[in-house]
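Here the structure comes first, spelled out in structure tokens, and everything after it is commentary.
The values are calculated or read from the model by the stated rules, or taken from the named source; none is laboratory data. It should be emphasised that the depicted structure is a prediction, and the values quoted were computed from it without experimental measurement. Counting neighbours? That spans all protein chains shown, and the Cβs are built from the backbone with ideal geometry, glycine included. Each accessible area value is taken on the protein alone, full model and side chains, heavy atoms only, with ligands, DNA and RNA left out. Shrake-Rupley method; radii C 1.70, N 1.55, O 1.52, S 1.80 Å.
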Amino acid sequence: MTAPRQGEPGGERSHAPLDVEMRQAVPADAGDIARIWRQGWADAHLGHVPAALVAARTPASFAERAREQVADTIVAVRGEAVLGFAMIDGDQVDQLYLDRAARGGGIGSALLKAAEEAVIAAGHERAWLVVATGNVAARRFYERQGWDDGGPIVHRAPVPGGSVAVDCHRFVSPGR
């Protein structure tokens, strides 16, 4: 998976605020990715997912998963600072989080667009993702981006030794 770059099809800067670049993550980004992921996950999921999943999402679990998935990650950066990231798994936008200080400025929209374009560039017609049912703010965000709420789905969130069932909604990109 590669992130589109400025000058490549789908990589024009018009999708992001002028001072933000979308690029392929590198191993040195893993610490920032883990920090943003841990904070964002707590903001989005506490109170909306089973206790067994909360217990499994330790700081160490985010650090390990960030290191393991850096090759499948697009980061939004301003200068040297990682402001957010999106992880791709086949045709799924598996994770999308922003640093708390970067929320509300259009970076999330740009990052989602870059992730969708990476999925389509990999040969898929559309991208999809899941959102915890109780995460109303995220569901509204994806709807504003033109993604279709396909309705309820039970997502099997991976945890050590298995998975935890989480009530979610499956969103599908508009495609191109």
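Screening LEU18 on (1) among the hydrophobic types (A, V, I, L, M, F, W, C); (2) open to solvent by 20 Å² or more (accessible area, probe 1.4 Å); (3) within 14 Å of the chain's Cα centre (by Cα); (4) modelled with pLDDT under 95 shows it passes everything except condition (3). When the residues of the stretch 167-176 are filtered to those that are at pLDDT 95 or above and either over 22 Å from LEU53 (Cβ atoms) or more than 17 Å from the chain's Cα centre (by Cα) (or both), the one that is most open to solvent (accessible area, probe 1.4 Å) is ASP167. Counting only residues that are under 24 Å from GLU64 (Cβ atoms) and in contact (Cβ under 8 Å) with a residue 12 or more places away in the chain, the stretch 139-164 holds 5 of them. Among ALA86, ALA101, ALA55, which is within 13 Å of the chain's Cα centre (by Cα) and either over 24 Å from VAL166 (Cα atoms) or not β-branched (Val, Ile, Thr) (or both)? Of ALA86, ALA101, ALA55, the one residue that is within 13 Å of the chain's Cα centre (by Cα) and either over 24 Å from VAL166 (Cα atoms) or not β-branched (Val, Ile, Thr) (or both) is ALA86. Name the residues in the stretch 82-106 that are modelled with pLDDT under 95 and at negative phi, would you? ARG100, ALA101, ALA102, ARG103, GLY105 - these are the residues of the stretch 82-106 that are modelled with pLDDT under 95 and at negative phi.
Within the stretch 81-90, is even one residue among the charged types (D, E, K, R), within 21 Å of ALA132 (Cβ to Cβ) and open to solvent by 20 Å² or more (accessible area, probe 1.4 Å)? Checking the stretch 81-90: at least one residue is among the charged types (D, E, K, R), within 21 Å of ALA132 (Cβ to Cβ) and open to solvent by 20 Å² or more (accessible area, probe 1.4 Å). Within the stretch 114-153, restricting attention to residues that are surrounded by 15 or more Cβ atoms within 10 Å (Cβ to Cβ) and of a type in the set (Gly, Ala, Ser), which residue is nearest to the chain's Cα centre (by Cα)? Looking at the filtered set, the residue picked out is ALA115.
Counting the residues of the stretch 39-60 that are of a type outside the set (A, V, I, L, M, F, W, C), on the phi < 0 side of the Ramachandran plot and surrounded by fewer than 18 Cβ atoms within 10 Å (Cβ to Cβ) gives 5.
Take the residues of the stretch 94-141 that are in contact with a Leu (Cβ under 7 Å, 6 or more places away or on another chain) and part of a helix (DSSP H, G or I): which is nearest to ARG38 (Cα to Cα)? Of everything passing the filter in the stretch 94-141, ALA102 is nearest to ARG38 (Cα to Cα). Sort out which residues of the stretch 154-163 are at negative phi and open to solvent by 20 Å² or more (accessible area, probe 1.4 Å), and write them in order of number. Within the stretch 154-163, VAL154, HIS155, ARG156, PRO158, VAL159, PRO160, SER163 qualify.
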